[in-house]
Amino acid sequence: MYYHNLYKQYIKEAADLKAYIKTLKASAQKDAEQIKWRVSTLYSMYLDLKHTAEYLKIRGERQKNEK
């Protein structure tokens, strides 16, 4: 399995999601409650992506060292 490639995909998705969250926060002046809920949900998804990416990176490094 290519952990490094998966890591790069996950970290890119996390960065994209983080940028989108910043955009939502900037527009939080209207519909504040709904935006807060969306930001909270998206931030949770961002953390999942980031942590999974970090795990894949470590697994990829281990796999590389085993060869």
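The values are calculated or read from the model by the stated rules, or taken from the named source; none is laboratory data. Since this is a predicted model, take the numbers as computed values, not measurements. Ligands, DNA and RNA are excluded from the accessible area calculation, which covers all protein heavy atoms including side chains. Shrake-Rupley method; radii C 1.70, N 1.55, O 1.52, S 1.80 Å.
Where does the chain land at 222 nm, in deg cm²/dmol rounded to the nearest 500, when only DSSP H runs of n ≥ 4 count, each adding -39500 (n - 2.57), divided by all residues?
Taking each H run of at least 4 residues, the total per residue is -32000 deg cm²/dmol.
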task: Determine the alpha carbon to alpha carbon distance for each of Lys18/Lys64; Lys12/Lys36; Lys12/Lys64; Lys22/Lys50; Lys8/Lys64 and list only those over 25 Å.
output: Lys18/Lys64
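Please compute the length gained on full extension between Arg62 and Tyr2, using 0.36 nm multiplied by the number of residues separating them and subtracting their Cα-Cα distance.
Details: separation 60, 0.36 × 60 = 21.60 nm, distance 1.16 nm.
Stretched out fully, the Arg62 to Tyr2 stretch lengthens by 20.4 nm.
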Alpha carbon convex hull of the range 2-48, volume per residue in cubic angstrom: 45
field: Nearest-ten-degree value, helix 32-66 long axis tilted from longest Cα axis of the chain
entry: 10
Aspartates and glutamates with Cα under 16 Å of Lys25, excluding same-chain neighbours fewer than 8 positions away: Asp16, Glu33
- prompt: Relative to the longest principal axis of the chain, what angle (0 to 90°, nearest 10) does the C-alpha long axis of helix 3-26 take?
  reply: 10
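So what is the accessible area of the chain per residue, in Å², with the probe set to 1.4 Å? Could you put the intermediate results ahead of the total?
Details: 5540 Å² over 67 residues.
Ligands and nucleic acids excluded, the result is 83 Å² per residue.
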